[in-house]
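Engineer: Pasting in a structure now, in structure tokens, and then I'll have a few things to ask.
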């Protein structure tokens, strides 16, 4: 049996545009969406995955951790460092070359060489 796979991830954000700019560095492209009478939000859609950024509805800290495989890990890390995002050092782990950075809302994001 094939395991389920993630196809939608919704993040609540203090500043949706700052968060979208962060994820744009990982090649996500966003457009404004609204479902019915729900809040306007940003969405990045592909054939198999949707990442939606909604405005935060409370002051609770989001403790969600994310992981993405990226091409050119060193270049992605450098771009994030140039933006003042303070990425961690690249490490060789059993699952591959990786580093951790926090997005604008403080979520832990682990980036791995594809």
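Since every read-out is calculated from the coordinates, none of them should be taken as a lab result. Since the model is a prediction, treat every value here as computed from it, not as a measurement. Cβ coordinates were reconstructed from backbone atoms using ideal geometry, including for glycine residues, and neighbour counts include every protein chain displayed.
Engineer: Relative contact order, percent, of the chain when contacts are C-alpha pairs under 8 Å separated by at least 6 residues?
Structural biologist: In percent, rounded to a whole number, it is 26.
Engineer: Right, here's the next one. What whole number of Å gives the distance from the Cα centroid of the range 66-114 to the Cα centroid of the range 14-55?
Structural biologist: Comparing the Cα centres of the range 14-55 and the range 66-114, I get a distance of 20 Å.
Engineer: Is the shape of the range 35-108 best called rounded, prolate or oblate, per the rule: a/c under 1.5 gives rounded, else a/b larger than b/c gives prolate, else oblate, with a ≥ b ≥ c the square roots of the Cα gyration tensor eigenvalues?
Structural biologist: Since a/c reaches 1.5 and a/b is larger than b/c, the shape of the range 35-108 is classed as prolate.
Engineer: Another question, if that's okay. Per the helix-only calculation at 222 nm, which mean residue ellipticity applies to the chain, given -39500 (n - 2.57) for every DSSP H run of n ≥ 4 and division by its residues, nearest 500 deg cm²/dmol?
Structural biologist: Roughly -5000 deg cm²/dmol at 222 nm, from the helical runs in the chain.
Engineer: What is the gain in length, in nm to one decimal, between residue 74 and residue 6 on full extension, counting 0.36 nm per residue of separation less the C-alpha to C-alpha distance?
Structural biologist: 21.9 nm
Engineer: Write down the percent of antiparallel bridges among all DSSP beta bridges whose residues are both part of the chain, to the nearest 5.
Structural biologist: Around 55 percent antiparallel, to the nearest 5.
Engineer: Using only Cα atoms, tell me the angle between helix 73-82 and the longest principal axis of the chain; keep it within 0 to 90° and round to the nearest 10.
Structural biologist: Here the helix axis deviates by roughly 70 degrees.
Engineer: Going by C-beta contacts inside 10 Å, put 53, 80, 9 in order with the fewest on the left.
Structural biologist: 9, 80, 53
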